[in-house]
Amino acid sequence: MDSEKITLKRGEFKFPFVNVESIYDVAKYVSEQTFYKAESRLMDWDKNYFTIQLRKQNNSFYFYVMDKLVYAKDIKKYLYDNYGETFEFYGVSKEMPIAFGGWTKETYQPLSSPKPIISKKYVYNYIRPNYIVVDRNLNQIWPVATGKPPVGLIDLFKKTR
């Protein structure tokens, strides 16, 4: 039955669900993905993660894929190395890892000022203690580095037998 199959989808809307038969299929899919990057006049992105959703009927498993955990100091270094400043990236927890989506830059001209105003907004989320993060080899690196696939991922495939 098709409803019994496990389907996998990269988190972004443009990626369709695909059927997977084993953890090896998941590992192959993850290893072939690239981090999303796009540049335009108003926006610079350097996304350091992507998400994977697995589901089988009422069961699902969701996780982040990152090459390594990234913290505020890493983002500041990235911004400085690439743009020569940190664009006031302050007030972010130093202890919690970050899923960093980049920053947006908007320029607008207020009626009350002859100079345009540049507004910057950071796109990031904290990686919470209940999130699962794996590296490209599916080894869990958060919340505890185990050196093997997450238990929830293994359990989802066990339920198909």
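The values are calculated or read from the model by the stated rules, or taken from the named source; none is laboratory data. All figures in this text were calculated on a predicted structure; none of them were measured in a lab. Please note: Cβ atoms are built from the backbone with ideal geometry, for glycine as well, and neighbour counts cover all protein chains shown. Just so you know, the surface numbers come from the protein's heavy atoms only, side chains and all, with ligands and any DNA or RNA stripped out. Shrake-Rupley method; radii C 1.70, N 1.55, O 1.52, S 1.80 Å.
Odds and ends about this structure:
- Peptides 63-72, 124-133 ranked from most to least packed, by the mean per-residue count of other Cβ atoms within 10 Å: 63-72, 124-133.
- Mean accessible surface per residue for the chain, computed with a 1.4 Å probe while every protein chain stays in place, in Å²: 63 Å²
- Put a plus charge on the Cβ of each Lys and Arg, a minus charge on the Cβ of each Asp and Glu, and nothing anywhere else: the dipole of segment 15-161 about its Cα centre is then about 340 debye.
- Cβ-Cβ distance of Gln57 and Gln33, R₀ of 25 Å, FRET efficiency by 1/(1 + (r/R0)^6): the value works out to about 0.50.
- Whole-percent carbon and sulfur share, accessible surface of the chain, 1.4 Å: 52 percent
- Amide H contacts under 5 Å for Tyr124: Gly101, restricted to partners 5 or more places along the chain or on a different chain, H placed in the peptide plane at 1.01 Å from N.
- A quarter of the convex hull surface defined by the alpha-carbon atoms of segment 1-139 gives 11.3 nm² as the mean projection.
- Entry note, the chain: the mean residue ellipticity at 222 nm calculated from DSSP H runs of n ≥ 4, each adding -39500 (n - 2.57), is -5500 deg cm²/dmol after division by the residues and rounding to the nearest 500.
- Spatially proximal lysines relative to Lys5 (Cα-Cα < 28 Å; intrachain offsets below 8 disregarded): Lys14, Lys28, Lys56, Lys148, Lys158, Lys159
- By a 1.4 Å probe calculation restricted to protein chains, Lys148 has an accessible surface near 120 Å², given to the nearest 10.
- Cut-off 11 Å, label 7 Å out along Cα→Cβ of Lys94, residues of segment 65-84 by amide N: 72-73
- In straight-distance terms, cross-link reach from Lys115 covers every one of the lysines whose alpha-carbon lies under 19 Å from its own, apart from those fewer than eight places away in the same chain; here that gives Lys105.
- Computed from label points 7 Å out along Cα-Cβ, the spacing between Glu12 and Ser113 is 3.3 nm.
- Solvent exposure, largest accessible area first (probe 1.4 Å, DNA, RNA and ligands not counted), of Phe17, Phe61: Phe17, Phe61
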